[in-house]
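Laboratory data are not the source of any read-out in this text; all were calculated from the coordinates shown. Being a predicted model, the structure only gives us computed values, none of them experimental. All Cβ positions, glycine included, derive from the backbone under ideal geometry; neighbour counts span all protein chains shown.
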Amino acid sequence: MILFILRRLAESVFVMLAVALIAFTLFRFVGDPINNLVGQDTSLEEREQLKEDLGLNDPVIVQFARFVGDAARGDFGYSYQMRLPVKQLIAERFPATMELSMTSALIALFVGIPMGVYTALRRRSLIARSFMTASLMGVSLPTFLIGILLILIFGVQLRWLPTFGRGQVVDLGWWTTGFLTLSGLKALIMPAITLAIFQMTLIVRLVRAEMLEVMRSDYVKFARARGLKPRVINFSIALKNTLVPVITIIGLQVGSIIAFAIITESVFQWPGLGLLFIQAISEVDIPVMAAYLMLISFIFVLINLAVDLLYLVIDPRLRGETA
Amino acid sequence: MTDTDRTERPAGLLARLDESDLWWSFRHSPTVIVAALTTLVMFAAAIFAPWIAPHDPFDLSQVNLLDALLPPMWEEGGMAAFPLGTDDQGRDMLSTIIYGARISLFVGFASVALAMVIGVAVGLVSGYAGGWVDTVLMRIADVQLSFPAILIALLIDGVARGLLPRGSHDALAFYVLVTAIGLSFWVQYARTVRGSVLVERRKEYVLAAQVTGLPSLTILVRHILPNVTGPVLVIATIQLALAIITEATLSFLGVGIPPTSPSLGTLIRIGNDFLFSGEWWITIFPGAALVILVLAVNILGDWLRDALNPKLR
């Protein structure tokens, strides 16, 4: 088991190094770092001097090592566009994205899992069928269109909810939160639902499929034969076994929620990392792109690792096998 | 197929189609028939756009700024000449949607084709070669699969913007987009094809081909490839819907097709600016066209997957 954990750790480090290599290649070879830092009237000698100072004349492998070292400390240099340290930009935007993603993940889970269980247990009922039709619609409805529809209905027609921004935020020093003010909470509703719907449809379909599979298994049949109450069978036995694969997928979904936040943030002008990344792409702001890539990959790798370890905790069978 | 089979069924392709499971399940599912018809109509409209669209939205001599922001014909102030209203430049919405769907579908098909070629090639090589080649390719696939496709497409798009000269973004947007989407969708094909190749390469016909001394490439392309195409088609249908959504999303985010020759996503982006001033039709109609198209293709994809996979029935 320790061997398994060690191997997964080594794999994670390897993935991060691969991503760092991509980010470094971007940083070093796409667009000239010097040209992006100085004005047109900088002389050739000054450029050479700057190049020497920044260490751009060192062997590539040394530069890469330095890049990784800096990245590990969260230092990604300056944004070409905003002339601010990338670290500061990211730190400002990070809370907004995290609050949005976590809220939608919770919505997706707490609505999606019960809906999935229901559609599996009452497979032929009208409600279950309409859930399934709705979920096919949900898969076919692009995230940004859901956002636009919500804005049109609740923002423009009914005027109930604000259509952009985070509302009033409270500054806690290292974190800004919109949870503590009414306007902050109101501003969160539509973006969070927009982001949650796609994930929710996936969770409904997944839970339903897994649950149907489990209900056909021998141990559920045996539990029925023993005359256990349906409620005990459904929830203590079937649902418990359904959740093992569901947790893996949900863990991975949290990653994709953060990625899909790019779209939602863009629709609602939510001042988070995704909006920063989109602006960086259209302005070819390489340091911001590189930093975003590294940060997101780090979160992904962390989640993957956590899911694998959680698997060990939940499923005792896995503990023996892999050692 | 044995010889007796051939003598009993001489009627050819049509008769065989009539007896096949695929046709049977198609005829007995009204949803699928509606989806197929919808897809067919939209494909036809897209292909024959120059003849079908009532106006040419890109011909400046036909566009009149005085017609700008007209509502759909059934609303007050609408005109029968512009059934779905006009946009801010006086372009007929129905025509721009038909032309937009044409571009969206074009990007969709091109990027799915690119992803398919890359993925199938990688899958064939990986499964047939085995060893470290297989390990390396599949590790790359695993790592890429753990990142959402939209993120990878965005990144490739960003890199292309950095590498290409500033002025050429719009002109090359189509190719950049196809490359970005194609490169972010190849993994599924690679994994599926590799799986099938691992099974096929142990079979006798492959061993026979190897014994006769055919080169590996010939064996892969002429003998193994035809036997692994079934699942590839199913993935391609499902991914066509995904590719269309991804294209629309990137264009909506402003890093896709430029507004000069808008796709459906670009149209939605343009319309988004008019949402608050009450001109909802500029956003909603392209949006509806996009959803109907994607939904129809998705239903077809689901049906094809279930029909070709007897285990799921």
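Summary of values
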{"item": "Average Cα contact separation per residue, chain A, under 8 Å, 6 or more apart, as relative contact order %", "result": "28 percent"}
{"item": "Number of partner chain Cβ atoms within 10 Å, mean per residue of A:277-285", "result": "5"}
{"item": "CD proxy at 222 nm, helix term only [per DSSP H run n ≥ 4: -39500 (n - 2.57); per residue of chain B; nearest 500]", "result": "-22000 deg cm²/dmol"}
{"item": "Isotropic mean projected area of the C-alpha convex hull, the range A:107-212 (nm²)", "result": "8.2 nm²"}
{"item": "Cubic angstrom per residue, convex hull over Cα atoms of chain B", "result": "191 Å³"}
{"item": "Binned Cα-Cα distance frequencies in the range A:47-168 - 5 Å width, integer %", "result": "2, 8, 8, 12, 13, 10, 9, 8, 8, 8, 6, 4, 2, 1, 0"}
{"item": "For chain B, the longest site-free run once chymotrypsin sites (Phe, Trp or Tyr not before Pro) in DSSP loop states with at most 14 other Cβ atoms within 10 Å are removed", "result": "B:75-275"}
{"item": "Whole-Å semi-axes of the range B:195-283's equivalent ellipsoid (Cα gyration tensor)", "result": "50, 12, 8"}
{"item": "Least to most buried among A:VAL313, B:VAL107, B:VAL197, A:VAL284 (fewest other Cβ within 10 Å first)", "result": "A:VAL313, A:VAL284, B:VAL197, B:VAL107"}
{"item": "Relative contact order [Cα under 8 Å, 6+ residues apart], chain B, whole percent", "result": "21 percent"}
{"item": "Stretch in chain A that is longest and holds no chymotrypsin sites (Phe, Trp or Tyr not before Pro) that DSSP places in a loop and that have at most 12 other beta carbons within 10 Å", "result": "A:1-159"}
{"item": "Stokes-Einstein D (µm²/s) once Rh is taken as the Kirkwood radius of the range A:88-284 over alpha-carbon pairs, at 25 °C in 0.890 mPa s", "result": "133 µm²/s"}
{"item": "D_trans [Stokes-Einstein, Kirkwood Rh over alpha-carbon pairs] for the protein assembly as shown, 4 °C, 1.567 mPa s, µm² s⁻¹", "result": "47 µm²/s"}
{"item": "Helix-only CD estimate at 222 nm, as mean residue ellipticity for chain A, using -39500 (n - 2.57) per DSSP H run (n ≥ 4)", "result": "-24000 deg cm²/dmol"}
{"item": "Intensity falloff of the range B:79-128 expressed as log10 I(q)/I(0), Debye formula with alpha-carbon point scatterers, at q = 0.26 Å⁻¹", "result": "-0.89"}
